[in-house]
Amino acid sequence: MIIFKTVQSIGKVLSKLILENKKIGFVPTMGALHNGHLSLIEQSKKQADITVCSIFVNPTQFNDQTDFQKYPVTIEHDILLLEEAGCDVLFLPSVHEMYPQGTALKQPYDLGFLETLLEGKYRPGHFQGVCQVVHRLLSIVKPQVLFLGQKDYQQCMVISKMIELEALPVELILGPTHRENSGLAMSSRNMRLSDEGKQKAVAIFNSMQYIKEHITQEDVEALQKKSIDQLLKAGFDSVDYIAICNAHTLAPIHTYQPGKKLVVLVAAFIEGVRLIDNLMIN
Ligand code: PAF
């Protein structure tokens, strides 16, 4: 695996490969890699000639500075995992390399409704920062295919919208959420949890499963309320939301609509760590 730290050095090598008609697959990450990331690398290796991964903890997408400062950084281990997974190129830029003119966003992305609810509501500015960094990374790596994990369901929708708004020539492919045997979704933030915290955090998966099993029989609002109570009883400090939404538009539903594809999305705090997860429920 070749590691590049500058835009110029990676650009030189990748533009040569593009001229040779090589298909570039790209997996952007913030590091602290787990099997979810590695499965995206695997997917890219199957579908592209060259797989590029980036590790960059993007300051502009953190609305909470403590969250930014505490974000796990495990670069040495990440490099070993990527080598083992057969990743071809790792891009490891500094903040200055990514934002040579400063981090201020020149023109906000018109994300519309998608930015007004769930993560958009609870993390103001977060999706603007995500679009800013992914847009910049795409302009540097110029991949034909971009791989993202479905665990960040709303993020996938937002990035898809940004690609459409900017008319970027890239195909977006989503990879499934990877879970521990317990059901806990793999996440870099899990590293900040104690063993006990990880056990308790399984309540998110259980509550989503409960909703999936009862959605046809119970009132939607009552189900959401019951699930919030379940999380608090299981040891969560607070719950930002448990929402049942149309899987295509993300519009929250208030009554069950048979035949419509639905997704349940959760964000909650445990041991001071904010976890998010989602599950398709029909
Ligand atoms: O999902 C993430 O790890 C980040 O939001 C991303 C897409 C790498 C942008 O910083």
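Can you name every residue in region 94-137 that is more than 11 Å from the ligand (Cβ to nearest atom), aliphatic (A, V, I, L, M) and in contact with a Phe, Trp or Tyr (Cβ under 8 Å, 6 or more places away or on another chain)?
Hits for region 94-137 are LEU111, LEU114, LEU118.
Name the single residue that is surrounded by the fewest Cβ atoms within 10 Å (Cβ to Cβ) among those in region 127-177 being over 11 Å from the mean Cα position of the chain (by Cα) and small (Gly, Ala, Ser).
Per the stated criteria, the residue is ALA167.
What number goes with the only condition from (1) out of contact with any helix residue (DSSP H, G or I) (no Cβ under 9 Å at 6 or more places or on another chain); (2) open to solvent by 70 Å² or more (accessible area, probe 1.4 Å); (3) modelled with pLDDT of 95 or more that GLU271 does not pass?
Only one criterion is unmet by GLU271, namely (1).
Per-residue answers, yes or no, for (1) within 15 Å of the ligand (Cβ to nearest atom); (2) free of Cβ contacts under 8 Å to residues at least 40 places away in the same chain:
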site: SER9; (1), (2): no, yes
site: LEU14; (1), (2): no, no
site: ILE18; (1), (2): no, no
site: PRO28; (1), (2): yes, no
site: GLY36; (1), (2): yes, no
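Just to be sure before I move on: is LYS45 away from the ligand (no atom under 14 Å from the Cβ), in contact (Cβ under 8 Å) with a residue 12 or more places away in the chain, over 19 Å from the mean Cα position of the chain (by Cα) and farther than 20 Å from HIS96 by Cα in the structure I sent?
So LYS45 fits the description; yes.
Residues of region 138-155 being closer than 26 Å to ILE244 by Cα and more than 9 Å from the ligand (Cβ to nearest atom), which ones? Walk me through how you get there before you give the answer.
Filtering region 138-155 down to residues closer than 26 Å to ILE244 by Cα leaves 147-155.
The answer is PHE147, GLN150, TYR153, GLN154.
Going through region 195-207 one residue at a time, which ones are open to solvent by 50 Å² or more (accessible area, probe 1.4 Å) and in contact (Cβ under 8 Å) with a residue 60 or more places away in the chain? Please lay out each step first, then the result.
Taking region 195-207 as the starting set, the residues that turn out to be open to solvent by 50 Å² or more (accessible area, probe 1.4 Å) are 195-196, 198-200, 206.
Listed by number, the list holds a single entry, LYS200.
Filter region 14-28 for residues that are open to solvent by 10 Å² or more (accessible area, probe 1.4 Å) and not in a strand (DSSP E or B) and give the result. So that I can check it myself, show each step before the final result.
Going residue by residue through region 14-28, those that are open to solvent by 10 Å² or more (accessible area, probe 1.4 Å) are 15-23, 28.
Result: SER15, LYS16, LEU17, ILE18, LEU19, GLU20, ASN21, LYS22, LYS23.
Going through region 93-102 one residue at a time, which ones are open to solvent by less than 30 Å² (accessible area, probe 1.4 Å) and touching a residue at least 40 places away in the same chain (Cβ under 8 Å)? Let's see the steps before the verdict.
Of all residues in region 93-102, those open to solvent by less than 30 Å² (accessible area, probe 1.4 Å) come to 93, 98-99.
PRO93, MET98 - these are the residues of region 93-102 that are open to solvent by less than 30 Å² (accessible area, probe 1.4 Å) and touching a residue at least 40 places away in the same chain (Cβ under 8 Å).
The values are calculated or read from the model by the stated rules, or taken from the named source; none is laboratory data. Because the structure is a prediction, the values reported are computed rather than measured. Positions of Cβ are generated from backbone atoms using ideal geometry, with glycine treated the same way; all protein chains shown enter the neighbour counts. For accessibility, only protein heavy atoms count, side chains too; no ligands or nucleic acids. Shrake-Rupley method; radii C 1.70, N 1.55, O 1.52, S 1.80 Å.
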